[in-house]
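> Starting off with a structure, shown below.
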Amino acid sequence: AQAQVQLACGGALVEARGSAELKRPTQRLRFSLALEAEEASSEGALASLQRRLAAVRSRLQVLQVGDLQVTSPSTWKRPASPGLPEVVQASLQVSGQLVPAQLQPLVREVGALPGVRLSPVAPEADGAGDRAARRQLLRAAYQDALQQAQDVAAAMGLRLVQPLEVQLDAGARPVPLRAMAMADGVVPPFDPAELPGPTERLSLQARFCAR
């Protein structure tokens, strides 16, 4: 069964879309990497992949990585082509969290290991502040919509604006950084302070009655 709410307005119905954005401090980085190995047989490819995973795990433990997750391996056969023999490739995904100060070791030490292909890292904020951040975004987005409705009402010669309905639409946008190993160790390191902080957005659609 569905219930339908009838909204009555004895004046002009005004619709407005409000939005808000909040940049939060970076507490940790979420990283992911693909690990690959290839050999002439499935058994050889999986054995090679397992050895490479052991090396990656060892380096990540030194970096005190948290929430480490490793997927189950998959294999596929690459057909022979001119100049290249048929091989079996094995791969899996590794992901986890680490503090921003460990960005450079992640890139140079882990990214340089055989078979490792790094993906963008995503800055993450402290989860303990999620609720407060959402309240702040909600207030700002609603005030944005309310201000728009008041401006429209004023343009129509109306002064009283009452809220009738609010529909929420929220989303957070992680800003990735492509983590790639440098060829020259003399160049400046990757600086975690240069990463854009986590940015969260919230938008809402509101209806007001202006009289």
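The values are calculated or read from the model by the stated rules, or taken from the named source; none is laboratory data. Please read these numbers as outputs of a predicted model, since none were measured by experiment. Ideal geometry is used to build each Cβ from the backbone, glycine not excepted, and the neighbour counts take in all protein chains shown. Heads up: the accessible areas ignore ligands, DNA and RNA and are worked out on the full protein's heavy atoms, side chains in. Shrake-Rupley method; radii C 1.70, N 1.55, O 1.52, S 1.80 Å.
> In Å², what does the accessible area per residue of the chain work out to with a 1.4 Å probe?
For the chain, the per-residue accessible area is 60 Å².
> Under 19 Å from a point placed 7 Å out from the Cα of L84 along the Cα-to-Cβ direction: which residues of region 49-72 have their backbone N that close?
The answer is 49, whose backbone nitrogens lie closer than 19 Å to the label point.
> With +1 on each Lys and Arg Cβ and -1 on each Asp and Glu Cβ, how big is the dipole of the chain about its Cα centre, in debye rounded to the nearest 20?
Here the chain has a charge dipole of around 420 debye.
> So how much accessible area does R30 have, in Å² to the nearest 10, using a 1.4 Å probe?
Rounded to the nearest 10, that gives 60 Å².
> OK, next. Using alpha-carbon pairs under 8 Å, 6+ residues apart, how would you state the relative contact order of the chain in percent?
Reported relative contact order: 35 percent.
> Is it possible to state the helix-based mean residue ellipticity at 222 nm for the chain, with each DSSP H run of 4+ residues giving -39500 (n - 2.57), the sum divided by total residues, to the nearest 500 deg cm²/dmol? What is it?
Mean residue ellipticity at 222 nm (helix-derived): -8000 deg cm²/dmol.
> Could you pull out every residue, at least 5 positions away or on a different chain, whose amide H is within less than 5 Å of the one on E165? Hs are placed 1.01 Å off N in the peptide plane, and Pro or chain starts have none.
R207
> Further question: How much of the accessible area of the chain, probe 1.4 Å, is carbon plus sulfur, in whole percent?
Within the chain, the accessible surface is 51 percent carbon and sulfur.
> Would you mind checking the tilt of helix 130-155 against the longest principal axis of the Cα atoms of the chain, expressed as 0 to 90 degrees and rounded to 10?
40 degrees
> What number comes out for the charge environment of E36, summing +1 per Lys or Arg and -1 per Asp or Glu over other residues with Cβ under 13 Å away?
Here the count lands on +2.
> While we're on this one: Which one, L137, A112, V99, is farthest towards the positive end of the dipole of region 73-149 when Lys and Arg carry +1 and Asp and Glu -1 on their Cβ?
Final value for the positive-end residue is L137.
> Kindly express, to the nearest 10 degrees and within the range 0 to 90, the angle between helix 42-62's C-alpha long axis and the longest C-alpha principal axis of the chain.
Rounded to the nearest ten degrees, it is 60.
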